[in-house]
Structure formats: C-alpha cells, structure tokens
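*Asks:* Questions regarding the structure given below will be posed in turn.
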Amino acid sequence: MRRFKTEKDSDYFKIVDDAINAYTWAAIVKLQERKVIDDVLGAIGQGKEAKIILAKRGESYAVLKVFYPILIRFVKSRYGYILGDPRFRRLKISDQLHLVETWCRKEFGNLSRAYSAGVKTPKPYGFYRNVMAMEFVGIDKTPAPLLADVGLENLEDPDHVFYEVVKNLEKTYIFAGLVHSDLSPFNILYDGKDPWIIDWGSAVRRGHPKELEYLRRDVERVLEFFETPLPPEDLFKRLVERGAWRGSIDIDEEGWLLIGGKRILD
C-alpha cells in the first residue's frame, strides 16, 4: 500500500517551509489520499494570504493554493465579500480559522463556476480545509508571469490580450453570474499569448449589495492597465445592460458573446 507523507516526515515537511503547519499538512495529505494530487514539489510563490505550491498530478503539474491558517495573515476585510454574498446569507463565522476555510471553499466554488462558464482560468481539481488544488499554468516547472510583471510594453499583441480580458470579463458576469471584484493585472497570468484570470476568492454572485461597485472597479483597473481610450463608464454600462438581457445569447467564432446580434465593443 502506498504511504503518504505526513507531518511526522520532518524533512519532507521542510520542502514547503514553516508556513505550512501540521493542520495544513494534514489537509494536503487528504488531497493525496483522494488522488487529487500526487507528490508535493515545493513553493513557487507567496502572497499576503496564501502560499502557492507546485505538485505532481499524474504526468502533469498542479498548483496548491494554501491559505495561511495563521490569524494575523488573514484580514477581516474579507468578511464583506462573504457575508454579503447570497450563498452565505445564513453563515455565521465562529472563529478566524473558520473564516479561512470558508474563504477557501468560496474561492474554489467561484473558480469552478467561472471555469464551467468558459472563462479562461485554471481548471479546479479539489479542495480540503484551507488548501485548494488547480491546474498549473506555465512551462515545465516555471509558472506563467503576472500581466503586471510583464508590462503592457512587453506584450507581443496588446490588442489581442485586451480583447481576451474583455471577453472573459463579460463571460464572468453574464455566464458565470459573478463579479471578480479584484480584477487587475496582478490577478491575470500571461502565458505568452493569452491571459488567464486567477484569484477568485473575492468574487461575488450577482445580487451582492456591492455588485455594481465591484464591477465598475474591475472595469476601471483593466482599462487603466491597457491605456485604452474607451471610457470605463461606457464599458461598465454596456456590461450592466447586456447582463440584463433575457433573450438568447450566441458566441461567434472569435469567442465574443453576441447579445442582440452585437459584440460588447461594437
């Protein structure tokens, strides 16, 4: 029988580093037992709320997003993104660890919803406690860079990337019924050709009290990065109007949504 690594395997434990305690490691082991991932290879990124870890999944790679179970690392400002969401209307947060686990579950649910709606985002694989697993975007073991790190001036085809972001922004809002709420070049990966939207923890369902505020902010950040002359308020209003459409919606050969026979940028 295969033996999985546990928190007692101190040398293996150190591969990930001291941010991963016994509680988190037990969650990673559970994902191994469920065959969501195989071996854990090591950390490849770190943010204020989570550490990104590379893992093996069959013949390919996967990414583990590990939310810190340490209280000081998870800010209570996240309450607004959870408690205002219709899906969590009856939820009562009992303690900080419960908040972190709820955030992980929420991000996985949002990611799954966006992926199913055809948004260009990593494929979700599974989650447990404060750890979620998803598709690795990159070459070999090197993750794709953030759009912010690449910079507008270094994009081979800025117009193509801009159009792809707009397409996915619209699919998120109309097909997935979500507002990303934290969309910026810091939450978009660039694989050398296409953008991938990541970090779905802040996303809220349509119907959230701040839905339009968050949507407007997403639009403003995207247009600011691409330095487009299109007024943010114009694109925002088009999204809202198209989101209220109750007729049939088609998709053309380039992936644009056709609402009333028109693309959003027509």
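Values in this text are rule-based calculations from the coordinates and carry no lab data. Here the structure is a predicted model, which is why all the values come from computation and not from measurement. With ideal geometry, Cβ positions are generated from the backbone for all residues, glycine too; neighbour counts draw on all protein chains shown.
*Asks:* When you count, for each residue, the other Cβ atoms within 10 Å and take the mean per peptide, how do 25-31, 227-233 rank with the highest first?
*Replies:* With the highest mean Cβ count within 10 Å placed first, the list reads 25-31, 227-233.
*Asks:* Then there's this: May I ask for the net charge around Val219, where only other residues with Cβ less than 12 Å from the Cβ of Val219 are counted and Lys, Arg are +1 while Asp, Glu are -1?
*Replies:* Net of charged neighbours comes to -2.
*Asks:* Beta carbons within 10 angstrom, averaged per residue: use that to sort the peptides 163-175, 136-148, highest first.
*Replies:* Taking the mean over residues of other Cβ atoms within 10 Å, the ranking is 163-175, 136-148.
*Asks:* Additional query: Taking Rh as the Kirkwood radius computed over C-alpha pairs, what is the Stokes-Einstein D of the range 200-256 at 4 °C in a medium of viscosity 1.567 mPa s, expressed in µm² per second?
*Replies:* Values: Rh = 13.1 Å.
The Stokes-Einstein estimate is 99 µm²/s.
*Asks:* While we're on this one: Compute the orientation-averaged projected area for the range 143-259 from the convex hull of its Cα atoms and round it to one decimal in nm².
*Replies:* 7.3 nm²
*Asks:* Gain in length, Leu265 to Lys237, computed as 0.36 nm per residue apart minus the alpha-carbon separation, to one decimal in nm? Let's see the in-between values first.
*Replies:* Working: separation 28, 0.36 × 28 = 10.08 nm, distance 1.18 nm.
Length difference between fully extended and current span is 8.9 nm.
*Asks:* Report the Cα centroid-to-centroid distance between the range 143-214 and the range 17-50 in angstrom, as an integer.
*Replies:* Each part reduced to its Cα centre gives a spacing of 26 Å.
*Asks:* With a Cα-only, solvent-free Debye model of the range 117-159, what are the log10 I(q)/I(0) values at q = 0.26, 0.28 Å⁻¹?
*Replies:* -1.04, -1.06
*Asks:* Additional query: Which of the aspartates and glutamates could a cross-linker span from Lys171 if the Cα-Cα distance has to be under 12 Å and same-chain partners fewer than 8 positions apart are dropped?
*Replies:* Cα-Cα hits under 12 Å: Asp250.
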